[in-house]
Amino acid sequence: MKKRIAVLASGRGSNFQAIIDAIGAGTIPATCVALITDNPTAYAIERAEKAGIPVKVIDFRSFPSREAYERALLAAMQEARADLYVLAGYMRILGNEVVRAFPGKMVNIHPALLPSFTGLHAQRQAILHGVKVAGCTVHFVDESLDCGPIILQKCVPVLDGDDEDTLADRILEQEHTAFPEAVRLFCEDRLEIAGRTVRVRK
Ligand code: GAR
């Protein structure tokens with residue numbers, strides 16, 4: 001049976017688009033039932049509208065407190081009744097209550113080979129550290145920041161003369177295949193979490 005997925009995105013939404021395209025191509029057995037965004041001007045909204053996906057804007061700035069925002073976000077997520085919540089460039093840290101509401105049902109993509117370079121500006125951190133290999137990680141979301149069980153990773157070389165932007169572009173290309181692949185495996189019921197390890201069933 002097709003899974004219901006809801007995507008959370010804050011900006012450009014190119015990873016969201018990769019997932020829309022993979023659903024459209026029949027690669028991911030799912031229906032995208034909602035885009036939830038904290039940014040009323042996110043380009044991801046246009047992508048959703050083009051694909052006929054309902055949009056819910058939970059604008060952080062329109063709430064009197066972080067708690068009120070979190071409550072509204074949780075309500076929007078519950079209303080989506082998704083089997084999987086996909087964080088595709090959602091740039092706000094989710095509160096523990098939200099994370100705890102969907103155990104094993106939320107995945108995130110991060111533009112670094114975790115556990116290195118968690119948090120913001122991962123590609124800049126990689127350049128500043130002088131690493132020779134960088135990449136992206138798709139992982140389950142738990143209460144730790146960017147440290148939930150890893151589903152898959154893809155790596156790219158860091159080349160002489162790279163800056164944050166050229167490295168980010170090279171990583172992004174890999175994100176666009178890694179994320180749909182991980183979402184597909186979830187939707188095919190092939191992922192099994194055993195402690196920190198995610199096993200992929202054949
Ligand atoms: C992606 O590179 C994603 O890995 C990153 O934001 C970008 C969103 O691009 N996410 C994080 O840094 C999360 N900590 P997109 O809006 O074009 O998908």
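No lab work stands behind these numbers, since they all come straight from the coordinates. These numbers come from a predicted model, not from an experiment. Backbone-built Cβ (ideal geometry, glycine too); neighbour counts: all protein chains shown.
The figures follow:
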| quantity | calculated |
| --- | --- |
| Furthest towards positive pole of dipole, F140, P40, G24, structure part the stretch 22-140, Cβ charges | F140 |
| The chain, dipole about Cα centre (Lys/Arg Cβ +1, Asp/Glu Cβ -1), debye to the nearest 20 | 680 |
| Neighbourhood net charge (14 Å Cβ-Cβ; Lys/Arg +1, Asp/Glu -1) for N39 | +2 |
| Whichever lysines have a C-alpha closer than 18 Å to that of K50, once near sequence neighbours (fewer than 8 apart) are set aside | none |
| Using a Förster distance of 22 Å, the FRET efficiency for K105-R71 (Cβ separation, nearest 0.05) | 0.70 |
| Long-range HN-HN contacts of I28 with modeled amide H, under 5 Å | I23 |
| Loop-located GluC sites (Glu not before Pro) in the stretch 134-202, at most 16 other Cβ atoms within 10 Å (DSSP) | E143, E188 |
| For L87, distant residues with modelled amide H under 5 Å away | L8, V107, N108, I109 |
| Neighbourhood charge, 12 Å Cβ-Cβ cut-off, centred on I23 and excluding it, Lys, Arg +1 and Asp, Glu -1 | +3 |
| Within the chain, helix-based [θ] at 222 nm, where runs of 4 or more DSSP H residues each add -39,500 (n - 2.57), nearest 500 | -11500 deg cm²/dmol |
